[in-house]
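First the structure, in the form of structure tokens, and then the observations on it.
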Amino acid sequence: MPSRFQFETVMKLLSAGIDNYVQIRQQAGLTSDELDDILEHIPEYKQKFAEEDRRNEEAKLKASKKPWWKRK
């Protein structure tokens, strides 16, 4: 399973207009199967990483929130 960094690298390269398969694989550090998986499931990976971001933000907010008796 590709990491967030690898997915974001592939997306940046594609948006920059680089469409050379081998070049994308080398720059992202992916195997051909991993790159094929990313290219076939772009919406699913976007949703997965967005969900992780949302959970991380909620955890930060919850950790920084003080109990009502300590708010002063």
**Request:** Would you mind checking the tilt of helix 4-15 against the longest principal axis of the Cα atoms of the chain, expressed as 0 to 90 degrees and rounded to 10?
**Result:** 50
**Asked** Relative contact order, percent, of segment 1-45 when contacts are C-alpha pairs under 8 Å separated by at least 6 residues?
**Response** 43
**Request:** Could you go through segment 42-47 in sequence order and give the Karplus-derived ³J(HN,Hα) for each residue, using 6.51 cos²θ - 1.76 cosθ + 1.60 with θ = phi - 60°, rounded to whole Hz, and x for Gly and Pro?
**Result:** 4, x, 5, 5, 4, 5
**Complete:** Under the Karplus relation with 6.51, -1.76 and 1.60 and θ = phi - 60°, whole-Hz ³J(HN,Hα) for segment 31-40, x at Gly and Pro, equal 7, 5, 5, 5, 5, 4, 4, 4, 5, 7
**Prompt:** Listed highest first by mean packing, meaning other Cβ atoms within 10 Å per residue, what order do 1-10, 44-53 come in?
**Reply:** 1-10, 44-53
**Asked** How many times 2.2 N^0.38 Å is the alpha carbon radius of gyration of the chain?
**Response** 1.59
**Request:** Could you please report the charge total around ASP36, scoring K, R as +1 and D, E as -1 over all other residues with beta-carbon less than 14 angstrom from its beta-carbon?
**Result:** -4
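Since every read-out is calculated from the coordinates, none of them should be taken as a lab result. This is a predicted model, so every value here is computed, not measured. Because the Cβ atoms are built from the backbone with ideal geometry, glycine has one as well, and the counts that use them run over all protein chains shown.
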